[in-house]
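A short write-up of the structure that comes next.
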Amino acid sequence: MNKDIKERPITREEIIHLLKDDRESVAESLFLKAQQEREKVFGNKIFIYGFVYFSTWCRNNCNFCFYRKSNQIERYRKSPAEVVEIAKQLAASGVNLIDLTMGEDQKYHNEDFKTVLDITKTIRKETNLPVMISPGVISQSLVDEFASLGTEWYALYQETHNLRLFQQLRIEQDYDERMNIKLYAKRKGMLIEEGLLAGVGETVEDIADSLLEMGRIGASQMRVMSFVPQKGSPMELAETPDRTLEMKIIALMRILYPYALIPASLDVDGIKGLRGRINAGASVVTSIIPPRSGLMGVAQNTMDVDEGGRTAEEVKHILNEMNLSVAPAEEYIEYLNVLRERQE
Ligand code: SF4
């Protein structure tokens, strides 16, 4: 892997221009350039992440989300033993990282965060894999505790960097509080992932601002996902955007930040969406879920899960067909050190 790749200077105006230009040839040349940039840093290697969405309870009411508090849905909270078992299963299948995600579950946030810390500690020990935590907004003292366990990543997505839009999407949540705790985690030595949603009412100018902001805050992993309307949510009737937008954003992220880990999420279009996102320059496959584990995805909560489409095996098969392969565990760990060095 090439560790000396520099960021590309693309201006805000150029990003806006590229996003507005809807010619297929423009998109194709962005994808080609993004693939070349990925290859310079990662060769033909792709990382893959196992996803453990261990509690679907949430105290928040984000307008775009299926799991928002007001939605009358069936929810689950997996026991610590179940979570560890699923993580071990994922590790055995060859994933490079375990992504531990939950809604802002009141039981943990208000009463018992120790259980989440214990789960994290056990999984790191039992699987020997890096862990990403996505528990929502937490306190500085909890970040300190995760950092002292050696937890590698803190994922927390603004979804937009337009304050007005943020307030419409993440009802009654504080933009600065969310951003500041992410930056605090970075100061404590954790790597951070930032994210945006495409197709939620943002302008191309907003997208350009988000892309630049992700670099400015030093996000080592950056994800974009197309909005998918969720049953029972206030945005149930809103349309999902054409996927070209998401692909162009992935490509622009790659060209702007060649070193970044950029997900091809299986959570938007299932396994059939993998090739397009990899071809747009993604370097990580996220949302791998073991079939029949009783776990759900986020945007597409059941798509391809029990059919076995979202498994490491299936992903490896498709990547091999694209002349790419999954990086071994040690290569991922080595790359995290590269990202940490950049951050210092
Ligand atoms: S996006 Fe996250 S914080 Fe917002 S309602 Fe859904 S699970 Fe809760």
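The values are calculated or read from the model by the stated rules, or taken from the named source; none is laboratory data. Remember, predicted model here, so these are calculated numbers, not experimental data. Here the Cβ positions follow ideal geometry from the backbone for every residue, glycine too, while neighbour counts run over all protein chains shown. Surface areas here come from the heavy atoms of the whole protein model, side chains and all, with no ligands, DNA or RNA. Shrake-Rupley method; radii C 1.70, N 1.55, O 1.52, S 1.80 Å.
Does residue 120 qualify as being in a helix (DSSP H, G or I), polar (S, T, N, Q), away from the ligand (no atom under 14 Å from the Cβ) and buried (at least 20 other Cβ atoms within 10 Å of the Cβ)? When the stated conditions are applied, residue 120 passes them.
Just the residues that are among the aromatic types (Phe, Trp, Tyr) and away from the ligand (no atom under 16 Å from the Cβ), please, taken from region 127-176. I'd like the intermediate steps shown before the answer.
Here is the first cut: in region 127-176, the residues among the aromatic types (Phe, Trp, Tyr) are 146, 153-154, 157, 166, 175.
Selection gives 146, 153.
Which is free of Cβ contacts under 8 Å to residues at least 24 places away in the same chain and at negative phi, of 216, 223, 275? Of 216, 223, 275, the one residue that is free of Cβ contacts under 8 Å to residues at least 24 places away in the same chain and at negative phi is 216. Entry remark, region 91-117: residues being away from the ligand (no atom under 16 Å from the Cβ) and either of a type in the set (Lys, Arg) or outside any helix (DSSP H, G or I) (or both) number 8 in total. On inspection, residue 76 qualifies as open to solvent by 30 Å² or more (accessible area, probe 1.4 Å), within 16 Å of the ligand (Cβ to nearest atom) and of a type outside the set (A, V, I, L, M). From the list 176, 209, the one residue that fits, being on the phi < 0 side of the Ramachandran plot, in contact with a His (Cβ under 6 Å, 6 or more places away or on another chain), surrounded by fewer than 21 Cβ atoms within 10 Å (Cβ to Cβ) and not in a loop (DSSP other than H, G, I, E, B), is 209. When 169, 142, 100 are checked against the criterion of being in contact with a Leu (Cβ under 9 Å, 6 or more places away or on another chain), over 26 Å from residue 207 (Cα atoms) and not aromatic (Phe, Trp, Tyr), 142 stands alone in meeting it. Evaluation of residue 2 against the conditions (1) open to solvent by 30 Å² or more (accessible area, probe 1.4 Å); (2) modelled with pLDDT of 95 or more shows that the sole unmet condition is (2).
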